[in-house]
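A.B. asks: Take this structure, written in structure tokens, and hold onto it; I'll ask about it next.
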Amino acid sequence: MIRTTISTAVAMAIVSTASAQTDVTGGQTNVLLDTDLLSSAASLDLSGVAGPVIAPGNLGAGSVAFGINTRDAMSLPTTFSYDASTFPGAGSFSGAIEHTGSVLFNNDTIEVGNFTIGFDGTRVGGDRSGFFVESTTGLTGVLFDIKVNGATPTPSSLEVAGDLLVSSEFAQILIDVELTTADLTGADVGDALVQAVPTPATAAVLGLAGLAARRRR
């Protein structure tokens with residue numbers, strides 16, 4: 001009885017520590033672009049995708065999804081962690097969510113891809129949450145700021161829904177390469193849905209807590 005009580009206490013202490021910061025290493029990010037708006041406003045005509053891209057994604061017809069890289073990926077490992085009890089409050093998350101795969105425009109002459117979803121506190125303001133999408137291959141740089149419309153954080157999964165707003169950096173690039181003369185900063189050009197899951201190790205610890213609770217009963 002004493003041994004069981006000690007084991008339970010240790011298990012609960014472990015899970016209390018682990019659940020404070022849950023490590024993401026799987027899942028997918030779904031994207032649905034407003035292709036008509038991109039074509040008419042920025043002369044960007046979607047021509048295809050490349051790499052390990054899932055089609056359709058979980059945002060319906062026309063959407064695509066990019067798998068979230070693992071934490072031990074050889075290239076662009078995911079480092080994102082979150083506290084399910086306080087997300088998306090300040091200090092409740094850290095790191096970045098990384099993906100592999102590209103989107104191609106204008107007969108495959110323009111590529112953006114290997115996307116990073118990160119956070120920058122200096123980007124908060126207006127509809128901008130501070131989260132951003134950055135392309136790290138092809139045309140590199142911050143493409144979109146994310147307007148977060150809803151989040152469902154738990155210790156076993158994380159869903160975040162938002163709008164993709166053209167960043168000031170991307171808007172300037174579009175002007176510089178003469179795809180548009182208009183400043184499109186802040187234009188809503190699509191939707192994103194992050195569906196992230198934690199590491200198997202985290203899930204195992206959560207299972208240990210459940211086992212400990214059953215043994216205690």
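The values are calculated or read from the model by the stated rules, or taken from the named source; none is laboratory data. Being a predicted model, the structure only gives us computed values, none of them experimental. Heads up, the Cβs are rebuilt from the backbone with ideal geometry, glycines too, and the neighbour counts pull from every protein chain shown. Just the protein is used for accessible areas: all its heavy atoms, side chains included, with ligands, DNA and RNA removed. Shrake-Rupley method; radii C 1.70, N 1.55, O 1.52, S 1.80 Å.
A.B. asks: Name the long-range amide H neighbours of Gly57: under 5 Å, sequence gap of 5 or more, or other chain; modelled H, no Pro or chain starts.
C.D. replies: Excluding prolines and chain starts, which carry no amide H, the hits are Ser63, Val64, Ala65.
A.B. asks: Give the separation of the Cα centroids, segment 180-198 to segment 24-65, in Å.
C.D. replies: Rounded to whole Å, the Cα centres lie 11 Å apart.
A.B. asks: Still on this structure: For segment 42-187, what does the accessible surface come to per residue with a 1.4 Å probe? Please give it in Å².
C.D. replies: 46
A.B. asks: Around Thr137, which amide H atoms from residues at least 5 apart in sequence, or from another chain, sit under 5 Å from its own amide H, with H modelled in the peptide plane?
C.D. replies: Gly113
A.B. asks: Would you pull out the residues with amide H under 5 Å of Arg71's amide H, same chain only if 5 or more places away, H placed 1.01 Å from N?
C.D. replies: Result for Arg71 returns Thr78.
A.B. asks: Enumerate the calculated ³J(HN,Hα) couplings along segment 46-58 in order (Karplus 6.51 cos²θ - 1.76 cosθ + 1.60, θ = phi - 60°), each rounded to whole Hz, writing x wherever the residue is Gly or Pro.
C.D. replies: Listing the rounded values in order: 4, 10, x, 10, 9, x, x, 9, 9, 9, x, x, 8 Hz.
A.B. asks: May I ask for the net charge around Leu104, where only other residues with Cβ less than 14 Å from the Cβ of Leu104 are counted and Lys, Arg are +1 while Asp, Glu are -1?
C.D. replies: After counting each charged neighbour, the total is -3.
A.B. asks: Take Asn106 and Ala73, extend 7 Å from each Cα along the Cα→Cβ direction, and tell me the distance between the two endpoints in nm.
C.D. replies: With each label point 7 Å from Cα toward Cβ, the separation is 2.7 nm.
A.B. asks: Okay, moving on. Determine ³J(HN,Hα), in whole Hz, for all residues of segment 28-37 in sequence, where each value follows from phi through the Karplus function 6.51 cos²θ - 1.76 cosθ + 1.60 and θ = phi - 60°; x replaces Gly and Pro.
C.D. replies: Calculated HN-Hα couplings, in order: 8, 10, 9, 9, 10, 8, 7, 5, 5, 5 Hz.
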